[in-house]
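Structure first, then comments.
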Amino acid sequence: MNELARNELLDAHGRAVRYLRVSVTDRCNLSCRYCRDKDMPFIPHESILRFEEMEEIIGLAVSMGVRKLRFTGGEPFARKGFMDFLRRIRLSHPGIGLRITSNGTLLGQHIEELKELDAMVNLSLDTLDRDRFAEITGRDLLPEVLANLDRMAGLGMPLKVNAVAMRGHSDKELPALAALAMDRPIDVRFIEFMPMGEGSIWTDSLFWPYAEILAAAREHWELVPCDDDNRNAEERGPAKLWKLRDREGRLSAGRFGLISSVTHSFCQSCNRLRLTADGQIRTCLYDDREWPVRDVLRKEGIEAVRRVITEAVAHKPIGSDILARSSGPVALKSMSAIGG
Ligand code: SAM
């Protein structure tokens with residue numbers, strides 16, 4: 001039997017879902033201006049999935065073909081018990097890729113264990129300027145993030161740094177952020193600002209597209225393509241990656257990447273499914289339809305959840321079609337509520 005035949009999660013466009021992104025909480029210790037509408041209420045505690053419920057749903061998803069898990073939020077490390085949960089997931093699923101998206105402020109005491117669990121971390125970091133960091137996130141925690149980044153890099157953990165690209169802001173940050181990849185084997189990736197959430201600060205003028213980010217990077221470095229290096233496409237994900245060559249001819253240890261989530265959508269090959277903190281399946285960031293699994297699990301059990309997931313996957317849209325039809329924000333919920 002080939003890979004696709006074994007995968008139960010095949011959508012109507014022939015895409016096999018192999019990647020589940022789980023939002024473990026919608027709460028965060030930072031309040032990045034572009035991410036969370038501050039008037040949006042948090043999900044009430046009783047509506048949040050218990051870790052044991054997440055484990056059941058993850059076990060089911062793995063049995064249906066999921067091979068990679070990402071824990072995100074909100075801030076995953078802000079939820080009490082997250083590391084115990086992660087340990088149990090690793091024990092139950094030794095062969096599965098474990099990934100975490102984090103702001104890097106709360107994970108210091110867990111770094112060694114994250115390495116042992118082979119859990120890769122994507123750090124979200126939009127600036128290396130302390131005042132600017134405090135302005136964007138509402139907290140003066142850049143030194144903690146940089147100390148944690150250094151420790152993880154020092155332990156040889158594969159690291160990705162993600163920055164949201166905003167015209168008039170990120171253009172000033174680009175040289176310093178990308179330079180992180182010069183001496184360390186870190187992938188520094190700029191993500192196009194997505195028009196997410198009703199209260200989003202997203203505007204056309206803040207949007208800094210792929211082509212312009214690329215041109216800005218080329219003012220500082222020669223970009224050496226490395227898409228065909230030895231990491232497979234599933235691992236590389238939607239990022240386009242380059243090595244940087246500086247004016248002295250030195251080649252970077254890490255890579256510079258661009259994720260064109262708006263201009264060149266990678267929806268045709270999307271293999272993702274999302275589980276929100278309150279137990280809804282979402283098949284696309286840009287699609288507001290949700291398939292509730294929390295209550296189904298509580299009332300009918302895990303086999304009923306299998307049917308809901310299958311149904312959801314059958315309706316997985318091509319997200320760029322939704323984007324093309326819209327002129328403003330495309331989803332009602334912000335990234336922190338869905339799980340970025
Ligand atoms: N708290 C964690 C963190 O900071 O990485 C995980 C959750 S956060 C919502 C996940 C990612 O979504 C972050 O990298 C953040 O920068 C990104 N993000 C939030 N809003 C976005 C938007 N409108 N467009 C693009 N990326 C966005």
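The values are calculated or read from the model by the stated rules, or taken from the named source; none is laboratory data. If you're wondering where the values come from, they're calculated on a predicted model, not measured in any experiment. Cβ: placed from backbone, ideal geometry, glycine included. Neighbour counts: every protein chain shown.
Considering the conditions (1) without any contact (Cβ under 8 Å) to a residue 60 or more places away in the chain; (2) in contact with a helix residue (DSSP H, G or I) (Cβ under 6 Å, 6 or more places away or on another chain); (3) aromatic (Phe, Trp, Tyr), Phe256 is excluded by exactly one of them, (1).
Do we find a residue being in contact (Cβ under 8 Å) with a residue 60 or more places away in the chain and within 21 Å of the chain's Cα centre (by Cα) anywhere in the range 129-137? Checked the range 129-137: at least one residue is in contact (Cβ under 8 Å) with a residue 60 or more places away in the chain and within 21 Å of the chain's Cα centre (by Cα). Among the residues of the range 194-205, not a single one is in contact with a helix residue (DSSP H, G or I) (Cβ under 7 Å, 6 or more places away or on another chain) and either part of a helix (DSSP H, G or I) or surrounded by fewer than 20 Cβ atoms within 10 Å (Cβ to Cβ) (or both).
Checking each residue in the range 27-46 for being outside any loop (DSSP other than H, G, I, E, B) and within 14 Å of the ligand (Cβ to nearest atom) picks out no residue at all. Apart from one condition, Ile201 fits all of (1) over 30 Å from Gly319 (Cβ atoms); (2) within 13 Å of the ligand (Cβ to nearest atom); (3) among the aliphatic types (A, V, I, L, M); the exception is (1).
Does Arg87 meet the test of being crowded, with 18+ Cβ neighbours inside 10 Å and in contact (Cβ under 8 Å) with a residue 12 or more places away in the chain?
Here the answer is no, as Arg87 does not meet what is asked.
Within the set Arg247, Arg255, the sole residue that is over 30 Å from Lys316 (Cα atoms) and either small (Gly, Ala, Ser) or more than 20 Å from the chain's Cα centre (by Cα) (or both) turns out to be Arg247.
When Cys284 is tested against (1) without any contact (Cβ under 8 Å) to a residue 40 or more places away in the chain; (2) buried (at least 19 other Cβ atoms within 10 Å of the Cβ); (3) away from the ligand (no atom under 16 Å from the Cβ), just one condition goes unmet, and that condition is (3).
Would you pick out the residues in the range 206-223 that are buried (at least 16 other Cβ atoms within 10 Å of the Cβ), more than 16 Å from the ligand (Cβ to nearest atom) and assigned to a helix (DSSP H, G or I)? Once the filter is applied, which keeps residues that are buried (at least 16 other Cβ atoms within 10 Å of the Cβ), more than 16 Å from the ligand (Cβ to nearest atom) and assigned to a helix (DSSP H, G or I), the range 206-223 yields Leu214, Ala216, Ala217. Quick one: how many residues across the range 299-316 are touching a helix residue (DSSP H, G or I) at 6+ places or on another chain (Cβ under 8 Å) and touching a residue at least 12 places away in the same chain (Cβ under 8 Å)? Qualifying residue count, the range 299-316: 5. Just one residue in the set Ala163, Ala153 is under 19 Å from Leu107 (Cβ atoms), in contact with a strand residue (DSSP E or B) (Cβ under 9 Å, 6 or more places away or on another chain) and within 13 Å of the ligand (Cβ to nearest atom); that residue is Ala163.
On the stretch given as the range 303-340, residues that are modelled with pLDDT of 95 or more and closer than 18 Å to Ser47 by Cα total 1.
Of all the residues in the range 288-302, those that are modelled with pLDDT of 95 or more, within 21 Å of Arg15 (Cβ to Cβ) and charged (D, E, K, R) number 2. Among the residues that make up the range 57-69, is at least one of them of a type outside the set (Gly, Ala, Ser) and either within 16 Å of the ligand (Cβ to nearest atom) or surrounded by fewer than 16 Cβ atoms within 10 Å (Cβ to Cβ) (or both)? The answer is yes, given that some residue of the range 57-69 is of a type outside the set (Gly, Ala, Ser) and either within 16 Å of the ligand (Cβ to nearest atom) or surrounded by fewer than 16 Cβ atoms within 10 Å (Cβ to Cβ) (or both).
Being in a loop (DSSP other than H, G, I, E, B), closer than 16 Å to Ser92 by Cβ and not acidic (Asp, Glu) narrows it down to one residue among Val62, Val66, Val22; which is it?
Val66
For the range 183-198, taking the residues that are more than 15 Å from Ala163 (Cα to Cα) and more than 11 Å from the ligand (Cβ to nearest atom), the one that is modelled with the lowest pLDDT is identified as Glu198. Residues in the range 99-133 that are out of contact with any helix residue (DSSP H, G or I) (no Cβ under 6 Å at 6 or more places or on another chain) and surrounded by fewer than 15 Cβ atoms within 10 Å (Cβ to Cβ) were compared, and the one that is nearest to Lys160 (Cα to Cα) is Asp118.
For the range 27-39, does any single residue satisfy the condition of being of a type in the set (S, T, N, Q), within 18 Å of the chain's Cα centre (by Cα) and within 17 Å of Arg282 (Cβ to Cβ)? No, the conditions are met nowhere in the range 27-39. Against the criterion of being modelled with pLDDT under 95 and closer than 21 Å to Met64 by Cα, Ser269 qualifies.
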